[in-house]
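S.K.: Below is a structure I'd like to ask you about.
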Amino acid sequence: MDLKFFKKSLPTLALMAVLSVGMIYAIYVILTPKKKLPVYNPADVNPRLVDESLLHVRHNHKIADFKLINQNGDTITQKDYENKIYVADFFFTRCQTICPIMTNNMGKLQDVFLKDDNVKFLSLSVTPVIDSVSVLKDYAIEKGVIDSKWNITTGSKKEIYNLARKSYFVVTDQGDGGLQDFIHTENFVLVDKNKQIRGFYDGTDLKDMDRLISDIKLLEGNK
């Protein structure tokens, strides 16, 4: 082979190689299905976590409207989470077992998404009689809660129990929110902008927190 011809052909060969790699990558991207998070309906969840009235529902489940009071005494509703991705959990301020770990992990999530206006957080007290606004405020300050990102809420025990059993599916206890009913769960629930459940996570498990962070970012990417 003529050496001069070979030298002249080098740029062309290099360009062809680059184009070939680019085409292979483009074909791979096109043919690889885009990962999507599941949408959870009552029929997809452990039946023990779901109120009996909803066990048959297989489509179009959405978080019910709610009316709660946050750490500043403000009324919090679905409007405050409109067009937002958010993570919800159930806790109580006097809990000395799983709740401190969960709250610390929620705080880490808050830090990760601090500058992301698409993402918020919601914590619901399961002992609303004890967790007054002033108690929640002290708790929020102690835990580094940023008011614009994270609502620590109280409200009617019956409503909170209904949300746990009929909307978020996080508690196995039977009951209707009466005096003897008590919610204690480590679950974090990921909710999308359409008020649909997209994932459940162990709020005490750091690996699950990494998975949750990835899933939030995935959810943002699948707009």
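S.K.: Would you tally the residues in the stretch 71-125 being free of Cβ contacts under 8 Å to residues at least 60 places away in the same chain and touching a Gly at 6+ places or on another chain (Cβ under 7 Å)?
M.R.: Here the count works out to 1.
Yes or no, residue by residue, for (1) out of contact with any strand residue (DSSP E or B) (no Cβ under 7 Å at 6 or more places or on another chain); (2) over 25 Å from Val119 (Cβ atoms); (3) aliphatic (A, V, I, L, M):
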residue: Ile130; (1), (2), (3): yes, yes, yes
residue: Val133; (1), (2), (3): no, no, yes
residue: Leu136; (1), (2), (3): no, no, yes
residue: Tyr139; (1), (2), (3): no, no, no
residue: Ile146; (1), (2), (3): yes, no, yes
residue: Thr154; (1), (2), (3): no, no, no
residue: Ile160; (1), (2), (3): no, no, yes
residue: Lys166; (1), (2), (3): yes, no, no
residue: Thr172; (1), (2), (3): yes, yes, no
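S.K.: Quick one: in the stretch 200-223, which of the residues that are without any contact (Cβ under 8 Å) to a residue 60 or more places away in the chain and farther than 19 Å from Asn46 by Cβ is most open to solvent (accessible area, probe 1.4 Å)?
M.R.: Among residues in the stretch 200-223 that are without any contact (Cβ under 8 Å) to a residue 60 or more places away in the chain and farther than 19 Å from Asn46 by Cβ, the one most open to solvent (accessible area, probe 1.4 Å) is Lys223.
S.K.: Name, by its number, the condition in (1) open to solvent by less than 60 Å² (accessible area, probe 1.4 Å); (2) touching a residue at least 40 places away in the same chain (Cβ under 8 Å); (3) under 24 Å from Arg198 (Cα atoms); (4) in a loop (DSSP other than H, G, I, E, B) that does not hold for Val57.
M.R.: Failed condition: (2).
S.K.: To continue, here is another question. When you check Asp74 against the structure, is it open to solvent by less than 50 Å² (accessible area, probe 1.4 Å) and not aromatic (Phe, Trp, Tyr), yes or no? Give the steps one after another, and end with the answer.
M.R.: Working: open to solvent by less than 50 Å² (accessible area, probe 1.4 Å): no; not aromatic (Phe, Trp, Tyr): yes.
It is false that Asp74 is open to solvent by less than 50 Å² (accessible area, probe 1.4 Å) and not aromatic (Phe, Trp, Tyr).
S.K.: Separate question: Among the residues of the stretch 88-126 satisfying the criterion of being assigned to a loop (DSSP other than H, G, I, E, B) and among the charged types (D, E, K, R), which is most open to solvent (accessible area, probe 1.4 Å)?
M.R.: This residue is Lys115.
S.K.: For Lys193, state whether it is of a type outside the set (Val, Ile, Thr), at pLDDT 95 or above and part of a loop (DSSP other than H, G, I, E, B).
M.R.: When the stated conditions are applied, Lys193 passes them.
The values are calculated or read from the model by the stated rules, or taken from the named source; none is laboratory data. None of the values given here were measured: they were computed from a predicted structure. We place every Cβ from the backbone using ideal geometry, glycine too, and count neighbours over all the protein chains shown. The accessibility values were calculated without ligands, DNA or RNA, using every heavy atom of the protein model including side chains. Shrake-Rupley method; radii C 1.70, N 1.55, O 1.52, S 1.80 Å.
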